[in-house]
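Novice: Got a structure for you, questions after.
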Amino acid sequence: MATAFGLDRQALTIIPVSGPLNGRVTPPGSKSITNRALLLAALAKGTSRLTGALKSLDTKLMAGALRAMGVTVDEPDDTTFIVTSTGRLNPPAEPLFLGNAGTAMRFLSAAVTLVEGTVVVDGDAHMRKRPIGPLVEALRSLGIDASDTGGYPPVTVHGNGAFGTGRVEIDGGLSSQYVSALLMAAAFGNGPIEVALTGSEIGARGYVDLTIAAMRAFGGVVEQIDAASWRVQPTGYRATDFVIEPDASAATYLWAAEVLTGGSIDLGVPSDAFTQPDAKAREVIAMFPNLPAVIDGSQMQDAVPTIAVLAAFNNTPVRFVGIANLRVKECDRVSAVATELSRIRPGLGTEEGDDLIVASDPSLAGQTLPTQITTYSDHRIAMSFALAGLKIGGITILDPGCVAKTYPTYWEAMQGLGVKLEA
Ligand SMILES: O=C(O)C1=C[C@@H](OP(=O)(O)O)[C@@H](O)[C@H](O)C1
Ligand SMILES: C=C(OP(=O)(O)O)C(=O)O
């Protein structure tokens, strides 16, 4: 993994910019797509070349877990993984450690049921507070011997190489990743498997669409039966070469930096080329400084911290709704964003139930308000609050290295646009 400016520092102060930010920055590859492609390639017999991939903590953890199960993952350069597999996963010698990588934790909890033997899937202290009970319950309903720890990791699976058959129900209200995890593993059923949603809704449906697109690229056969269920045929996967698009969630910081400073940043990719849910944030961000009074964040969840920090400089206040599951991301993001905004200026961010209300104040721009931003080991809190520092003097980001989860070169990208950072 590339080590980037600031990763080993305890704090970085952002020096406000005096003019528009202009330049070219291509965001790194999509975390969501990279971790899907790594897993699907590992489940396919043969060699798959994944280009445009993200190399970050989350993808390193996924690749490491696959290597621990006997898959060869080569890294010829900074954006390529070459995955060679027998198509089977072997029992790892030790528990799989997945840090706070939600995609890796959830996708692998389902995929390791294909291992003949016992696998423990675990994460760090943050991950051990992120629920996984609904996924484990769904696995058990397929006859798989799986257990969690009071609804949280670690997860222990005693697999026999099969994934069952028939219908599996899943409540994806807390995380769409449970649905994606089941869909990807379902290609190894003893027969077709129907994955059906219970509960009212899943978070961002676009992530399930990403999963289905990736499965199809690796030869999976999946059809949508109706709005709440899919049927997966027991085809397994075929090794393939696969191109990964840039990360739309990473792009949101660049889009926001652009409108906040009146600049023009060339991402090297047209915004309509993104297939990830957070690309929807582009249209919303473009409305700045007249963001809507109510923004439904349910279909662009990882972009909410970005838009919320932008909203502080909006002409009118903004209420974010549909964001209850932001409370079970890397940290409780509803609370973290409200707390850190109000650290900049009391009352700037408040919680109302699961909604987040940002009291706008365009006059914040140009002020000096020395504030140390706590980042809760959450890359998105660090990256979004850095945006406030482009306009307000004295914004210091604590633990700036947490960006390594998905965007290790974030601080360098900012510097490349002319932003000055002080250690
Ligand atoms: O499937 C994915 O790649 C993701 C789904 C979302 O999480 P949830 O499904 O837990 O809401 C998103 O927040 C996460 O960053 C990536
Ligand atoms: C929620 C996130 O990640 P994950 O769930 O994959 O840990 C994120 O990247 O904002």
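Novice: Among the residues of the range 366-420, which ones are of a type in the set (Lys, Arg), open to solvent by 10 Å² or more (accessible area, probe 1.4 Å) and within 16 Å of ligand 2 (Cβ to nearest atom)?
Specialist: Lys405
Novice: Go through the residues of the range 125-135 one by one and say whether even a single one is open to solvent by 10 Å² or more (accessible area, probe 1.4 Å), in the same structural domain as Thr198 (by TED's automatic domain parsing), more than 16 Å from ligand 1 (Cβ to nearest atom) and assigned to a loop (DSSP other than H, G, I, E, B).
Specialist: yes
Novice: Within the range 60-74, which residues are surrounded by fewer than 16 Cβ atoms within 10 Å (Cβ to Cβ) and not small (Gly, Ala, Ser)?
Specialist: If the condition is that a residue be surrounded by fewer than 16 Cβ atoms within 10 Å (Cβ to Cβ) and not small (Gly, Ala, Ser), then Arg67, Thr72, Asp74 are the ones that fit.
Novice: Shifting gears a bit: Look at Leu142 and say whether it is open to solvent by less than 10 Å² (accessible area, probe 1.4 Å) and of a type outside the set (Lys, Arg).
Specialist: no
Novice: When you go through Val120, Val112 one by one, which is the residue that is more than 16 Å from ligand 2 (Cβ to nearest atom) and either over 25 Å from the mean Cα position of the chain (by Cα) or open to solvent by less than 10 Å² (accessible area, probe 1.4 Å) (or both)?
Specialist: When all the criteria are applied, what remains is Val112.
Novice: Considering only residues that are within 16 Å of ligand 2 (Cβ to nearest atom) and not in a helix (DSSP H, G or I), which ones fall in the range 173-196?
Specialist: Once the filter is applied, which keeps residues that are within 16 Å of ligand 2 (Cβ to nearest atom) and not in a helix (DSSP H, G or I), the range 173-196 yields Gly173, Leu174, Ser175, Ser176.
Novice: Within the range 95-109, can you find the residues that are part of a loop (DSSP other than H, G, I, E, B) and either in contact with a Leu (Cβ under 6 Å, 6 or more places away or on another chain) or open to solvent by less than 10 Å² (accessible area, probe 1.4 Å) (or both)?
Specialist: Leu98, Gly99, Ala101
Novice: Give all pairs with beta carbons closer than 8 Å in which a residue from the range 185-208 that is surrounded by 17 or more Cβ atoms within 10 Å (Cβ to Cβ) meets a residue that is in a helix (DSSP H, G or I) and of a type in the set (Gly, Ala, Ser); count only pairs at least 6 apart in sequence or on separate chains.
Specialist: The qualifying pairs are Ala185/Ala110; Ala185/Ala111; Ile193/Ala186; Val195/Ala186; Tyr207/Ser32; Tyr207/Ser180; Val208/Ser180.
Novice: Got a sec? Which helices (runs of 4 or more DSSP H) wholly within the range 265-359 have at least 2 residues that are open to solvent by 50 Å² or more (accessible area, probe 1.4 Å) and away from ligand 1 (no atom under 16 Å from the Cβ)?
Specialist: Passing ranges, in order: 281-285, 333-344.
The values are calculated or read from the model by the stated rules, or taken from the named source; none is laboratory data. The structure displayed is predicted, hence computed values, not measured ones. Don't worry about glycine lacking a Cβ; one is built from the backbone with ideal geometry, like all the others, and counts go over all protein chains shown. SASA here: full protein model, heavy atoms, side chains in, ligands and nucleic acids out. Shrake-Rupley method; radii C 1.70, N 1.55, O 1.52, S 1.80 Å.
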